[in-house]
Each structure stands twice: as structure tokens, then as C-alpha cells.
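The values are calculated or read from the model by the stated rules, or taken from the named source; none is laboratory data. It should be emphasised that the depicted structure is a prediction, and the values quoted were computed from it without experimental measurement. Glycine also receives a Cβ, built like all others from the backbone with ideal geometry; neighbour counts cover every protein chain displayed.
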């Protein structure tokens, strides 16, 4: 991690969830299309039919290249945000964070509406744990909501 890399608060990390979701969806769609095209390419190679085979294979290879470039761009966008991908299935993103008690690594999985899990720095490969600060923040939201009414 560089000295200038941002560390997000929980609120800032939550604000990134729509963007993370869009990036995650793009990654998942491109990976699914890659798998399908690779399967089709393998079938065409095995079939050894001459009619249009080379043209089809070239078109598939070109599309596979486009998908790989798109995946690289999506991963670069995550890296620009300071995030990293722990795994692709389920797509799990780590974001450097901070709380009142110190540094944390927020852990978000595709489909989650909020950042609700994390790790201590250096424990990113361990099972993710629910954030205790999330519980406190949710209670504060409930309390502040009651005061407003």
C-alpha cells in the first residue's frame, strides 16, 4: 500500500457500493461471456469443419480479447479506488478503511447493499467478520430516525 492511498470510513465505503456493484456486474458478465466463448471455441476446434471455421475462430478470438481488455479496465478502476479483488466467485472486494479504533480492511461481496464485513490488516485471507461498527451505526440511524419524528 502506498502512503498516499486513501482509507475509507464506513460511510464513504457504503457510498461506493453502487459503483462497486456496477463494476462487479461488468466483471461477472464479461467472465460469463468469456467462459461461453471459450467453450464454443473448443467445440469449433474439435469439429474441424472447414466451412467458415477459421472466420468463426478469428471472430471468437477477437471477442475474447475485447472481454479480457474490459476486465483489465474494470480491475484497474477498482485499483484506482484503492480496492482489490480477493476472489471472483463470489466476487469479493477489499477496501482499505479506518475506524475510530484504527485501520481495517472493509470486505464487500457482489449483491450486498452495504459494507457490513471486514478484516484486520494482515488477516484478509481469513473468513470475513461482521463489522461491530455497522451494528452501532445502524442503532444510531434508528435512534436518529426516532428523534426526527
Taking the stated definitions as given, is residue 29 surrounded by 12 or more Cβ atoms within 10 Å (Cβ to Cβ), in a helix (DSSP H, G or I) and out of contact with any helix residue (DSSP H, G or I) (no Cβ under 6 Å at 6 or more places or on another chain)?
-> yes
Only one of 14, 42 is in a helix (DSSP H, G or I), within 25 Å of residue 132 (Cα to Cα) and out of contact with any helix residue (DSSP H, G or I) (no Cβ under 7 Å at 6 or more places or on another chain); which?
-> 14
Could you tell me whether any residue of segment 10-19 is buried (at least 16 other Cβ atoms within 10 Å of the Cβ), out of contact with any strand residue (DSSP E or B) (no Cβ under 8 Å at 6 or more places or on another chain), at pLDDT 95 or above and under 17 Å from residue 78 (Cα atoms)?
-> yes
Return yes when residue 60 is assigned to a helix (DSSP H, G or I) and in contact (Cβ under 8 Å) with a residue 40 or more places away in the chain and no when it is not.
-> no
Residues of segment 107-117 satisfying the condition of being surrounded by 20 or more Cβ atoms within 10 Å (Cβ to Cβ) and either more than 17 Å from residue 10 (Cα to Cα) or out of contact with any helix residue (DSSP H, G or I) (no Cβ under 9 Å at 6 or more places or on another chain) (or both) = 107
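Residues are listed down the side, and each one gets a yes or a no for (1) touching a residue at least 12 places away in the same chain (Cβ under 8 Å); (2) part of a strand (DSSP E or B); (3) surrounded by 16 or more Cβ atoms within 10 Å (Cβ to Cβ):
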position: 66; (1), (2), (3): no, no, no
position: 70; (1), (2), (3): yes, no, yes
position: 73; (1), (2), (3): no, no, no
position: 82; (1), (2), (3): yes, no, yes
position: 95; (1), (2), (3): yes, yes, yes
position: 105; (1), (2), (3): yes, yes, yes
